[in-house]
1. I'd like to check something: does the range 96-108 contain any residue that is assigned to a loop (DSSP other than H, G, I, E, B), within 21 Å of Gln33 (Cα to Cα), in contact (Cβ under 8 Å) with a residue 12 or more places away in the chain and out of contact with any helix residue (DSSP H, G or I) (no Cβ under 6 Å at 6 or more places or on another chain)?
2. Residue check, Met23 against (1) at pLDDT below 70; (2) touching a Lys or Arg at 6+ places or on another chain (Cβ under 9 Å); (3) part of a helix (DSSP H, G or I), all met but one. Which one?
3. Mind checking which residues of the range 40-50 are over 19 Å from Arg26 (Cβ atoms) and crowded, with 20+ Cβ neighbours inside 10 Å?
4. Taking the stated definitions as given, is Thr64 touching a strand residue (DSSP E or B) at 6+ places or on another chain (Cβ under 6 Å), modelled with pLDDT under 85 and open to solvent by 90 Å² or more (accessible area, probe 1.4 Å)?
5. Taking the range 82-127 as the search range and keeping residues that are at pLDDT 95 or above and among the aromatic types (Phe, Trp, Tyr), which one is nearest to Ala43 (Cα to Cα)?
Amino acid sequence: MNKLYGSLLVVGPGLLGSCEKKMEPRSDTFCGQARFVRRYHCAASESIQVVEFKSPNPLATQTTRNDTSGTKYYGAMLDLPDSLAVSGKTFYMQFHRDKAREVKAKVGYCTMEYTTVEILVCEGVSQSCQ
């Protein structure tokens, strides 16, 4: 009987530790030209801003409308400087996806129009992506 309890004391914590929610690793950093659209309307402990990317990238949320506006690429940005939150302002920025950062910001369910948009993290703003 003591061997059984001893085994449980050794194996038990390992089993509990393996049940923790695994976070996706932080993505690579990308750079792109973006245009400020508006504040993202969702529950979060931090401000989130919607940007439209001027060209496709692997982290953007692609949307296609039935009208003539065609395909557009969006991201919901954490850590976007307030100075960029001007309607129509265009800029270049480095960004990445980080699920752990998203959890830290306590981001709830978010939608933009009729689709969810990827939550991304702004690393910095630059004059170009070169």
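1. Taking the range 96-108 first, the residues assigned to a loop (DSSP other than H, G, I, E, B) are 97-98, 105-108.
Pick out the ones that are also within 21 Å of Gln33 (Cα to Cα) and you get 97-98.
With in contact (Cβ under 8 Å) with a residue 12 or more places away in the chain added as a condition, the list becomes 97-98.
Applying the additional criterion that residues be out of contact with any helix residue (DSSP H, G or I) (no Cβ under 6 Å at 6 or more places or on another chain) yields 97-98.
Yes, the conditions are met somewhere in the range 96-108.
2. (3)
3. Tyr40, Gln49, Val50, listed by residue number.
4. On the way: touching a strand residue (DSSP E or B) at 6+ places or on another chain (Cβ under 6 Å): yes; modelled with pLDDT under 85: yes; open to solvent by 90 Å² or more (accessible area, probe 1.4 Å): yes.
Taking the combined requirement at face value, the residue satisfies it.
5. Filtering first and then ranking leaves Phe95.
Conditions tested, residue by residue: (1) under 21 Å from the mean Cα position of the chain (by Cα); (2) open to solvent by 30 Å² or more (accessible area, probe 1.4 Å); (3) modelled with pLDDT under 90; (4) closer than 26 Å to Gly124 by Cβ.
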{"position": "Cys19", "(1), (2), (3), (4)": "no, yes, yes, no"}
{"position": "Arg38", "(1), (2), (3), (4)": "yes, yes, yes, yes"}
{"position": "Pro58", "(1), (2), (3), (4)": "yes, yes, no, yes"}
{"position": "Ser69", "(1), (2), (3), (4)": "no, yes, yes, no"}
{"position": "Lys72", "(1), (2), (3), (4)": "yes, yes, no, yes"}
{"position": "Gly75", "(1), (2), (3), (4)": "yes, no, no, yes"}
{"position": "Leu80", "(1), (2), (3), (4)": "yes, no, no, yes"}
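The values are calculated or read from the model by the stated rules, or taken from the named source; none is laboratory data. Being a predicted model, the structure only gives us computed values, none of them experimental. Quick reminder, even Gly has a Cβ in these numbers, built from the backbone with ideal geometry, and neighbours come from all protein chains shown. With ligands, DNA and RNA removed, areas are computed over all heavy atoms of the protein, side chains included. Shrake-Rupley method; radii C 1.70, N 1.55, O 1.52, S 1.80 Å.
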